[in-house]
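The values are calculated or read from the model by the stated rules, or taken from the named source; none is laboratory data. Keep in mind the model is a prediction, meaning the values are calculated, not measured. FYI the Cβ positions are ideal-geometry reconstructions off the backbone, even for glycines, and counts take in every protein chain you see. When the accessible area is computed, the model is the full protein with side chains, heavy atoms only, and any ligands, DNA or RNA have been set aside. Shrake-Rupley method; radii C 1.70, N 1.55, O 1.52, S 1.80 Å.
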Amino acid sequence: MADEPERIQELRDLLARANRAYYADADPIMGDAEFDRLLAELGELESRHPELADPASPTVRVGGEPIEGFVTRGHAQPMLSIDNTYSEADVRRWVDRVAEKLGGAPEADRFVCDPKIDGVAISLRYEGGELLHALTRGDGTRGDDVTHAVRTVRAIPLRLAGDAPAVLEVRGELFIPLSEFTRINKEREAAGEPPLMNPRNATAGTIKMLDPSVAAHRRLGFVAHGRGEVGDGFADSFSGFMERLGGLGVPSSPMATTASDAEGVLEAIEGFAERRHELDYLTDGMVVRVNRFAQQATLGVTSKAPRWAIAYKYAAERATTVVLGVEHQVGKTGKITPRATMEPVLLAGTTVRHATLHNYGQIAQKDIRLGDTVEIEKAGEIIPYVLGVVTSERPKGARRITPPAQCPACEGVVEIEPPGAGGDPKSETTRRCVNPECPAQLREKLVWFVGRRQMDIDGLGEKTIDLIRGSDIPLDGFADVFRLREHADALRELDGLGERSVELMLAGIEDAKGRGLARVLAGLGIRHVGESTARALARLFADLGALLDVDEEMLRPKTLNKSRARELGLPEDPKERDETGLGATTAPIVHAYLHSEAATRLFDELREVGVDLASRDYVDPGARGAEAGADNAFAGRTFVMTGTLERYERNELKDVLEGLGARVTGSVSKNTDVVVAGAKAGSKLAKAESLGLEVWDEARLLEELPADATP
C-alpha cells in the first residue's frame, strides 16, 4: 500500500504518546487492548518495510536478540549511595547540620522528600535525545551495560520528547510493579516453577539475564530520582529537574513533597508511611535531599555518599501469629510446596492468613511446628515469609510438621531432592510426586499437551479444556483427548461450543495422531524432556519401541568414557557421538519414567486410540555418518538465526532446518557453520563477522532451501 510508510510513522507517534501519557503524565489516552492491537499492526507493517527500521520504534520493546555477555562502562559522574537513618533523632541532627552549613533563613522548599522505591538503581544516558545506554550502579564508578533489557521498559522513552540537551543522564529506579509480580508468580506456579521471592531481587535478576525477552515479559517500571551528567542551564534544582524530565516524557514520583525544616520533613515521612501501601510498587523509605543544586555543591560529598541527602528507612513490617495447619500443594511438575495456614493478622495493610514455607528443608531448619507462634514479614515480600519461631511461646502440644511420604493428591510415590536428603531433613530442597497421572498435575499437563509446539490441536485450548472437564465428558488423561470424537454430540451441547468449532477441534485431534514421536514425548511433560531433547531422541530412535529397548547409558552417549563407549559400539571421541540433551543425572530419571507402570499404561492407551508413535525425525545410523555429504546445504551443519525474517517464524524455520539434518543452536561460536541474518540482526551477526563465519541473508536462505520447504 502506498500509504504504509505514513501509517508506520503515525503509529509510532501515537504509541510513543500513549507511553508518555500513561507513565509520565498519569493520564492514559488508550486501554491496554487498544495499545496491543496498534502495536501488532505496527509490527506487521514494519516487517514489510525493513528499510524504515527505527531503533526507537515501540516495537523494539518486545525484546531483541540475546546478548553474548555484559560490557562494563564507566559512569560520567559517580553513582553514589545515600546514607541511611532509622530514627527521628537522626533526621533532626542531619537537618541541623545542613542548616548550620548553609546558614540564613531556610527557603520554603529547601528540602524535597521523595519516596524511596525498593528497586534497582539505573543510569540512563541520552545523547541528542536518543537513549545511548543504560548502566547499573556497579561499584559506583563503573556499571554493567544492560541497555538490551532496559530498552524493553515502556516507561523509559527511547527518544525524548521536546527540546532535550545534547547530553542528559537520568538516574532512577527499575522495579517490577506489584500487579505484574503477582501475575508472574501465578504463571510460574502454573508451570510448576518456584515463585519469585520478592520484586527487588527479581528485578535485579531480570536485567542481568542475557535474553531481553524476559524483561519484556516481566513489564518492568521506572521512576526517575536523580541526575548524572547534564548540560548547563537545564535546571537549577531537583524539583525543577523533575519537572523538565516530565516534559521530555520521563516519569518521576508524583508523591514528592517539599519542606523547609525538620518538622516538615518528619511530617512528610509520617504521612507517606500511611499511604505507601496504596502504590503498585514497593517502597522502603523516604529520600530527603536539599533541593537546590548550588546548595548541594556547597555541602559536597564524602567518598561514598552525598552530604546533601539522607534516606529514612521504615522498619520492616512484621507480626506474630499462630500456625494452625499446613497445606501440601502439588504443582504441574509434581513439586509439593508446603503453605502455612495461620490465625489472621494485619500486616502491611492487608490481612494475612497464609505464608509460604518454601520447602520441607526450611521447615526442619527453622523447626516450625503446628501450634507455634511465628514471626512473619512482608517488607519486600509479596508472599508473606515466616522469619522464625518464637520458641518462648511454644505450647506443650506443638506437633512437628511431617512431610508427606506419598503425594497428597494421588497417594503416588514421592521423590526427594537431593537424593540423600532423606537422612538429613534440613538439606531437602524439593519433594516431588513422580506419578504422571496425578490429578493435581493433569489439568496443566493437558493444556501443555495440546499446545502449538506439542500436539498442536486447534480449537482445544485452556478454556475449552476447563469447559469439557467441568462437564460429564471424560477428559482425565492424554488418551481421552483422542476419544473426544466419541462425544461429539455432547460437545456441541456445551455453552460456547458450536457445530463449526467442534468440527475444527475434532479435525485437529485427528491430525494430531500423526505428529510423531518427538511431539508426543515433548507433550507429555516428562521431567527433563523438553522440545529439543524430544527431537534429539526422535532422531536417534525410529519409534517408541526402539527407545524403550535401550538402557539408560544410550540416552546419554556424550557422557560416557572411551572404554564404555567402545563397548557399546560408539565413537571414542564424544564430539562424534549423538547429542540427546541428557546427562548422568537426568538420563536415569527419564529412563525410569519410560519404563514405569504408568508410562507403559499410557503408551498402550495412546496406541489404542490411534496415536502414531513412530519418529518423523529419525536418521538411520548409516546415513548419520554421511550427513555432511548429503545433497543439501544443511545436513550435518550447525546454524544460528538472528534478526527478523519475513518468510519464517523462528521456531518454524528451526523445524525446517532440523528436518534437513541441520543442528540449530542459540549462540554463535567457532563451531557455527552458518549464521542466518534477518532484519535488525544484532550482536550475533557482529560476532559471526568477527569470527569470519559464513553469513546468509534471507534471500540466500530461500535459494538454498528445497522447493518443498519454501513457504
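Among what's in the stretch 86-102 and is within 18 Å of Thr257 (Cβ to Cβ) and within 41 Å of the chain's Cα centre (by Cα), pick the residue that is least open to solvent (accessible area, probe 1.4 Å). Checked the stretch 86-102; the qualifying residue least open to solvent (accessible area, probe 1.4 Å) is Val91. When the stretch 400-433 is filtered for residues that are open to solvent by 40 Å² or more (accessible area, probe 1.4 Å), among the β-branched types (Val, Ile, Thr) and over 26 Å from the mean Cα position of the chain (by Cα), the ones remaining, listed by number, are Thr402, Val413, Ile416. Just so you know, in the stretch 1-28 the residues that are among the hydrophobic types (A, V, I, L, M, F, W, C) and more than 28 Å from Gly246 (Cα to Cα) include one that is modelled with the highest pLDDT, and it is Ala2.
The sole residue among Thr59, Thr72 that is polar (S, T, N, Q), at pLDDT 75 or above and open to solvent by less than 60 Å² (accessible area, probe 1.4 Å) is Thr59.
Only residues that are at negative phi, open to solvent by 20 Å² or more (accessible area, probe 1.4 Å) and not in a strand (DSSP E or B) were counted in the stretch 343-375, giving 5. When Thr321 is tested against the conditions (1) at pLDDT 90 or above; (2) not in a strand (DSSP E or B), the lone failure is (2). Scan the stretch 127-146 for residues that are without any contact (Cβ under 8 Å) to a residue 24 or more places away in the chain, open to solvent by less than 20 Å² (accessible area, probe 1.4 Å) and out of contact with any helix residue (DSSP H, G or I) (no Cβ under 8 Å at 6 or more places or on another chain) and the total you get is 0. Can you find a residue that is modelled with pLDDT of 80 or more and either surrounded by 13 or more Cβ atoms within 10 Å (Cβ to Cβ) or under 23 Å from Lys670 (Cβ atoms) (or both) anywhere in the stretch 616-628? The answer is yes, given that some residue of the stretch 616-628 is modelled with pLDDT of 80 or more and either surrounded by 13 or more Cβ atoms within 10 Å (Cβ to Cβ) or under 23 Å from Lys670 (Cβ atoms) (or both).
Note on the stretch 152-161: among residues that are within 20 Å of the chain's Cα centre (by Cα) and either without any contact (Cβ under 8 Å) to a residue 60 or more places away in the chain or farther than 24 Å from Ser237 by Cβ (or both), the one that is most open to solvent (accessible area, probe 1.4 Å) is Arg154.
Among the residues of the stretch 29-47, which ones are open to solvent by 70 Å² or more (accessible area, probe 1.4 Å), modelled with pLDDT of 75 or more and farther than 29 Å from Arg647 by Cβ?
First pass over the stretch 29-47, keeping only residues open to solvent by 70 Å² or more (accessible area, probe 1.4 Å): 29, 32-34, 36-37, 44.
Applying the additional criterion that residues be modelled with pLDDT of 75 or more yields 29, 34, 37, 44.
Once the filter is applied, which keeps residues that are open to solvent by 70 Å² or more (accessible area, probe 1.4 Å), modelled with pLDDT of 75 or more and farther than 29 Å from Arg647 by Cβ, the stretch 29-47 yields Ile29, Glu34.
Test Pro195 against the criterion of being in contact with a Gly (Cβ under 7 Å, 6 or more places away or on another chain) and of a type outside the set (S, T, N, Q), and give yes or no.
Criteria not met by Pro195.
Gly249 meets all of the listed conditions (1) more than 30 Å from Leu14 (Cα to Cα); (2) in contact with a Lys or Arg (Cβ under 7 Å, 6 or more places away or on another chain) but one, namely (1). Here Thr672 clears all of (1) part of a loop (DSSP other than H, G, I, E, B); (2) surrounded by 14 or more Cβ atoms within 10 Å (Cβ to Cβ); (3) touching a residue at least 40 places away in the same chain (Cβ under 8 Å) except the condition numbered (3). Picking from residues in the stretch 268-300 that are more than 21 Å from Tyr86 (Cα to Cα), over 32 Å from the mean Cα position of the chain (by Cα) and touching a residue at least 12 places away in the same chain (Cβ under 8 Å), the one that is surrounded by the most Cβ atoms within 10 Å (Cβ to Cβ) is Asn291.
Scanning the stretch 103-126 for residues that are farther than 15 Å from Arg227 by Cα and surrounded by 18 or more Cβ atoms within 10 Å (Cβ to Cβ) turns up Arg110, Phe111, Cys113, Pro115, Lys116, Ile117, Asp118, Gly119, Val120. Against the criterion of being open to solvent by less than 30 Å² (accessible area, probe 1.4 Å) and without any contact (Cβ under 8 Å) to a residue 12 or more places away in the chain, Gly331 does not qualify. The residues on offer are Leu497, Leu521, Leu506, and the sole one that is open to solvent by less than 30 Å² (accessible area, probe 1.4 Å) and not in a helix (DSSP H, G or I) is Leu497.
The single condition among (1) open to solvent by 10 Å² or more (accessible area, probe 1.4 Å); (2) in contact with a helix residue (DSSP H, G or I) (Cβ under 6 Å, 6 or more places away or on another chain) that Lys463 does not satisfy is (2).
Among the listed residues Glu444, Glu437, which satisfies the condition of being within 25 Å of Cys410 (Cα to Cα), outside any helix (DSSP H, G or I) and acidic (Asp, Glu)? Sole residue among the options that is within 25 Å of Cys410 (Cα to Cα), outside any helix (DSSP H, G or I) and acidic (Asp, Glu): Glu437.
Residues checked against (1) part of a loop (DSSP other than H, G, I, E, B); (2) open to solvent by 60 Å² or more (accessible area, probe 1.4 Å); (3) at pLDDT 75 or above:
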| position | (1), (2), (3) |
| --- | --- |
| Asp578 | yes, no, no |
| Ile589 | no, no, yes |
| Thr600 | no, yes, yes |
| Phe634 | yes, no, yes |
| Phe639 | no, no, yes |
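Residues that are more than 30 Å from Arg519 (Cβ to Cβ) and touching a Gly at 6+ places or on another chain (Cβ under 9 Å) within the stretch 403-423 comprise Gln406, Ile416, Ala421, listed in sequence order.
How many of the residues in the stretch 177-208 are among the aliphatic types (A, V, I, L, M) and modelled with pLDDT under 80?
4
Against the numbered list (1) in contact (Cβ under 8 Å) with a residue 12 or more places away in the chain; (2) surrounded by fewer than 16 Cβ atoms within 10 Å (Cβ to Cβ); (3) within 30 Å of Leu446 (Cβ to Cβ), Pro338 comes up short only at (2). Against the conditions (1) in a helix (DSSP H, G or I); (2) modelled with pLDDT of 90 or more, Val287 satisfies every one except (1). Screening Ala224, Ala202, Ala149, Ala164 for residues that are open to solvent by less than 50 Å² (accessible area, probe 1.4 Å) and in a loop (DSSP other than H, G, I, E, B) leaves exactly one candidate, Ala164.
Check whether at least one residue in the stretch 477-493 is more than 30 Å from Asp573 (Cα to Cα), aromatic (Phe, Trp, Tyr), open to solvent by 10 Å² or more (accessible area, probe 1.4 Å) and modelled with pLDDT of 85 or more, and report yes or no. Checked against the condition, which is being more than 30 Å from Asp573 (Cα to Cα), aromatic (Phe, Trp, Tyr), open to solvent by 10 Å² or more (accessible area, probe 1.4 Å) and modelled with pLDDT of 85 or more, the stretch 477-493 yields at least one hit. Candidates in the stretch 675-700 are the residues that are touching a residue at least 40 places away in the same chain (Cβ under 8 Å) and over 10 Å from Thr642 (Cα atoms); of these, the one that is most open to solvent (accessible area, probe 1.4 Å) is Lys687. Do you know which residues across the stretch 529-567 are open to solvent by 50 Å² or more (accessible area, probe 1.4 Å), without any contact (Cβ under 8 Å) to a residue 24 or more places away in the chain and part of a loop (DSSP other than H, G, I, E, B)? Within the stretch 529-567, Asp549, Asn561 meet the criteria.
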